[in-house]
Amino acid sequence: MDALEVRNLHVAYDRKAVLEQVDMTIPKESLTAIVGPNGAGKSTLIKAVLGMLKRSSGEISILGKPYNPKNRIVGYVPQRGSVDWDFPTNALDVILMGRYGHIGWFKRPSKQDIAMAKEALQKLGMEEYADRQIRQLSGGQQQRVFLARALVQDAEVYFMDEPFVGVDAKTEKAIIDLLRELKQKGKTVIVVHHDLQTVPEYFDHTLLLNRTVIANGPTEEVFTKELLQKTYGGTLAFFTAPGEQRSG
Amino acid sequence: MIQEMWSSLLHQPNTQWVVLSTMLLGIASGVLGSFALLKKQSLIGDAVAHAALPGICIAYLFIGEKQLLILLIGATATGLLATYLIQLITATTRIKKDAAICMVLSVFFGMGIVLLTRITRQADGNKSGLDNFIFGQAAAMTRNDVYTMAGVAGGLILIAFLLFKEWKLLIFDPDFAKNSGLPVGMLETLFSTLLVVTVVIGIQAVGVILMAALLIIPAISARYWTDRLSLMVIIAGGIGACSGIAGALISTISTGLATGPLIVVTAAGCFVVSFTFGIKRGLIQKLTAHRIRTERLKGEGI
């Protein structure tokens, strides 16, 4: 059984096709990178899969079942820029939002929910920032808050949209440690990733995307110069494949 | 004047009712207004308020007398129509949202004024009291009007209390809300509808022109005092309540003064105080924080 199966997915904005004929599967217990140039439709793919964008067509199954958010088997980390950080709330409160799907209507978070949120905060080295208004956190800290929020969702498959963008070295390490721990626990993590240099080191499965699937498979098979060239076209000027000397 | 207000408040049941209902109205608009402000829908509130006028007039023309509940249903209908039109224009044309709001607001208000003029020129039209809806006249409210307004305002406060957590997530991060299994579309529609209802119940006391101010000024003021949404909502409700009470009392005892402007002037006073003294982002707090930082730097010899 695969973590994610996408069949015949098409997405269009204003009748302009963004994703065409996406067919792919992503294996369970993998750390998967979704890689492609700007405008390739990486975020669109995640959002269309999770039903945040309208699909023109396509069937999605997650862990063998048609996707339904009410099953709460999917955790989500949106792009950091997608929310208003001036919102009147603090770090712990944002993490608690990850429990809202579990808490149920009209109820307030229980002691157990709060304990979970605090544990997640600690895991990401943020315990001293629990009461901090979220605007007063650094970019890396904000990203860690988002990860902690996904963690308390207690999901099976995680989708993360560019979690490594604009973060400091400490945060990058905290994130990758967390991803590895999730994999070890049998979870699947699917990450939109922009830094080609770190793909082979961080991810065991890679999906190359440019409006449609260019290649999809174990990183060592897919992450080749030819396939990357095919994905990025002429824009891949400064990349050197692993083990190769950079020239010019 | 203060004495006069006290004796009126203590001895006249009518005043007590009017004050109680404007207080509830103030709380409801402070609370709903906080959500609207964070959702960046302040201007929508203004458009809805102006768009309520033609609805009131059409409802009056149909039934031929002033029955508040029916007038408010008319106001809700045109208010909702206006929000729908704004969404439709922004979604299907290249017209930007601010222009769409501006256009819908003025066109609906213009139609309202045309209808209102026609009504007041009818034989017994000027007895209708419909012109009170422009600037608001809390004192002109009958006992039944007061019950209606207080009941609906109470209901709004209750719903906001029950859905607090869901609305918070919906406004902060709608995609994440959807991923958590919340019925995002339903919650959005419910919020827009309740925002329209808040505006509509307020127009008799505050008036269509100024109702948006009672929605937004308490919310903005509250933001200067806290970084927590729950407290912001409570403080905004409090400021709304004070503004409502002050406006209603002053306009009840001094004949001829419209309630709406008095409410808004009181709220604006609260804003100036919050802007200056607010403990989270007020002017004085900012200046002190800046001075402490500079002195610390000096102390470190940098």
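The values are calculated or read from the model by the stated rules, or taken from the named source; none is laboratory data. Note that this is a predicted model, so its numbers are computed, not measured. All Cβ positions, glycine included, derive from the backbone under ideal geometry; neighbour counts span all protein chains shown.
Output the residues belonging to the stretch B:191-206 that are farther than 23 Å from residue B:66 by Cα and surrounded by 24 or more Cβ atoms within 10 Å (Cβ to Cβ).
Across the stretch B:191-206, the qualifying residue is only B:195.
Listed here are the residues, each with its yes/no results for (1) free of Cβ contacts under 8 Å to residues at least 12 places away in the same chain; (2) outside any helix (DSSP H, G or I); (3) more than 14 Å from chain A (Cβ to nearest Cβ); (4) farther than 29 Å from residue B:68 by Cα.
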site: B:208; (1), (2), (3), (4): no, yes, yes, no
site: B:231; (1), (2), (3), (4): yes, no, no, yes
site: B:236; (1), (2), (3), (4): no, no, no, no
site: B:241; (1), (2), (3), (4): no, no, yes, no
site: B:246; (1), (2), (3), (4): no, no, yes, no
site: B:250; (1), (2), (3), (4): no, no, yes, no
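Look at the stretch B:93-111 and say how many of its residues are surrounded by fewer than 17 Cβ atoms within 10 Å (Cβ to Cβ) and among the β-branched types (Val, Ile, Thr).
3
What tally of residues in the stretch B:145-203 results from selecting those that are among the β-branched types (Val, Ile, Thr) and touching a Pro at 6+ places or on another chain (Cβ under 7 Å)?
Number of matching residues: 1.
Does residue A:81 meet the test of being without any contact (Cβ under 8 Å) to a residue 40 or more places away in the chain, under 15 Å from residue A:158 (Cα atoms) and either facing chain B (nearest Cβ under 8 Å) or assigned to a helix (DSSP H, G or I) (or both)?
no
When you scan the stretch B:95-111, do you find a residue that is among the β-branched types (Val, Ile, Thr), on the phi < 0 side of the Ramachandran plot and in contact with a Gly (Cβ under 6 Å, 6 or more places away or on another chain), even just one?
No, that holds for no residue.
Return the only residue of A:215, A:150, A:155, A:120 being free of Cβ contacts under 8 Å to residues at least 24 places away in the same chain and crowded, with 16+ Cβ neighbours inside 10 Å.
Numbers: A:150 fails: free of Cβ contacts under 8 Å to residues at least 24 places away in the same chain; A:155 fails: free of Cβ contacts under 8 Å to residues at least 24 places away in the same chain; A:120 fails: free of Cβ contacts under 8 Å to residues at least 24 places away in the same chain.
When all the criteria are applied, what remains is A:215.
What are the residues in the stretch A:158-202 that are aromatic (Phe, Trp, Tyr) and either under 17 Å from residue A:38 (Cα atoms) or part of a helix (DSSP H, G or I) (or both), if any?
A:164, A:202
Step by step: first the residues of the stretch A:108-129, then only those that are in contact with a Leu (Cβ under 8 Å, 6 or more places away or on another chain) and more than 18 Å from residue A:178 (Cβ to Cβ), then the one that is nearest to the other protein chains (Cβ to nearest Cβ). Which residue is that?
Out of the qualifying residues, it is A:109.
Looking at (1) within 7 Å of chain B (Cβ to nearest Cβ); (2) surrounded by fewer than 20 Cβ atoms within 10 Å (Cβ to Cβ), which is the one condition that is false for residue A:69?
(2)
Of (1) surrounded by fewer than 15 Cβ atoms within 10 Å (Cβ to Cβ); (2) over 22 Å from the mean Cα position of the chain (by Cα); (3) closer than 19 Å to residue B:40 by Cβ; (4) not aliphatic (A, V, I, L, M), residue B:84 satisfies all except one. Which?
Checking residue B:84 against (1) surrounded by fewer than 15 Cβ atoms within 10 Å (Cβ to Cβ); (2) over 22 Å from the mean Cα position of the chain (by Cα); (3) closer than 19 Å to residue B:40 by Cβ; (4) not aliphatic (A, V, I, L, M), the one that fails is (2).
Going by what's in this entry, would residue A:127 be described as among the charged types (D, E, K, R) and either modelled with pLDDT of 95 or more or crowded, with 17+ Cβ neighbours inside 10 Å (or both)?
It is false that residue A:127 is among the charged types (D, E, K, R) and either modelled with pLDDT of 95 or more or crowded, with 17+ Cβ neighbours inside 10 Å (or both).
Answer with yes or no whether residue B:153 is assigned to a helix (DSSP H, G or I), within 14 Å of chain A (Cβ to nearest Cβ) and either within 17 Å of the chain's Cα centre (by Cα) or surrounded by 22 or more Cβ atoms within 10 Å (Cβ to Cβ) (or both). Please lay out each step first, then the result.
Working: assigned to a helix (DSSP H, G or I): yes; within 14 Å of chain A (Cβ to nearest Cβ): no; either within 17 Å of the chain's Cα centre (by Cα) or surrounded by 22 or more Cβ atoms within 10 Å (Cβ to Cβ) (or both): yes.
Spelling it out, it is not the case that residue B:153 is assigned to a helix (DSSP H, G or I), within 14 Å of chain A (Cβ to nearest Cβ) and either within 17 Å of the chain's Cα centre (by Cα) or surrounded by 22 or more Cβ atoms within 10 Å (Cβ to Cβ) (or both).
Given B:68, B:72, which one is surrounded by 23 or more Cβ atoms within 10 Å (Cβ to Cβ), under 23 Å from the mean Cα position of the chain (by Cα) and under 22 Å from residue B:261 (Cβ atoms)?
B:72 is the lone residue from the list that is surrounded by 23 or more Cβ atoms within 10 Å (Cβ to Cβ), under 23 Å from the mean Cα position of the chain (by Cα) and under 22 Å from residue B:261 (Cβ atoms).
Taking the condition of being in contact with a Phe, Trp or Tyr (Cβ under 7 Å, 6 or more places away or on another chain) and buried (at least 22 other Cβ atoms within 10 Å of the Cβ), how many residues in the stretch A:192-212 meet it? Give the derivation first.
Going through the stretch A:192-212, the residues in contact with a Phe, Trp or Tyr (Cβ under 7 Å, 6 or more places away or on another chain) turn out to be A:193, A:195-196, A:199-200, A:206.
Now restrict to residues that are buried (at least 22 other Cβ atoms within 10 Å of the Cβ): A:193, A:206.
Total meeting the criteria: 2.
From the set of residues in the stretch A:11-40 that are touching a residue at least 40 places away in the same chain (Cβ under 8 Å) and of a type in the set (Gly, Ala, Ser), which is surrounded by the most Cβ atoms within 10 Å (Cβ to Cβ)?
My answer is A:33.
Condition check ((1) outside any loop (DSSP other than H, G, I, E, B); (2) away from chain B (no Cβ under 12 Å); (3) in contact (Cβ under 8 Å) with a residue 24 or more places away in the chain) across all residues:
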{"position": "A:53", "(1), (2), (3)": "no, no, yes"}
{"position": "A:61", "(1), (2), (3)": "yes, yes, yes"}
{"position": "A:76", "(1), (2), (3)": "yes, no, yes"}
{"position": "A:88", "(1), (2), (3)": "no, no, yes"}
{"position": "A:93", "(1), (2), (3)": "yes, no, no"}
{"position": "A:97", "(1), (2), (3)": "yes, no, yes"}
{"position": "A:100", "(1), (2), (3)": "yes, no, no"}
{"position": "A:106", "(1), (2), (3)": "no, no, no"}
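Out of everything in the stretch B:165-190 that is within 9 Å of chain A (Cβ to nearest Cβ) and outside any helix (DSSP H, G or I), what residue ends up being surrounded by the fewest Cβ atoms within 10 Å (Cβ to Cβ)?
B:181
Looking at residue A:43, is it loosely packed, with under 15 Cβ neighbours inside 10 Å, closer than 25 Å to residue A:172 by Cβ and within 14 Å of another protein chain (Cβ to nearest Cβ)?
Here the answer is no, as residue A:43 does not meet what is asked.
Quick one: would you say residue B:66 is among the charged types (D, E, K, R) and within 23 Å of residue B:138 (Cβ to Cβ)?
yes
Could you tell me which residue of the stretch A:88-110 is surrounded by the fewest Cβ atoms within 10 Å (Cβ to Cβ), considering only residues that are over 23 Å from the mean Cα position of the chain (by Cα) and either at pLDDT 95 or above or not charged (D, E, K, R) (or both)?
First, pick out the residues of the stretch A:88-110 that are over 23 Å from the mean Cα position of the chain (by Cα): A:88-89, A:103-110.
Those left that are additionally either at pLDDT 95 or above or not charged (D, E, K, R) (or both): A:88-89, A:103-106, A:109-110.
On the way: A:88: 23, A:89: 22, A:103: 16, A:104: 8, A:105: 10, A:106: 11, A:109: 19, A:110: 12.
Looking at residues that are over 23 Å from the mean Cα position of the chain (by Cα) and either at pLDDT 95 or above or not charged (D, E, K, R) (or both), I get A:104.
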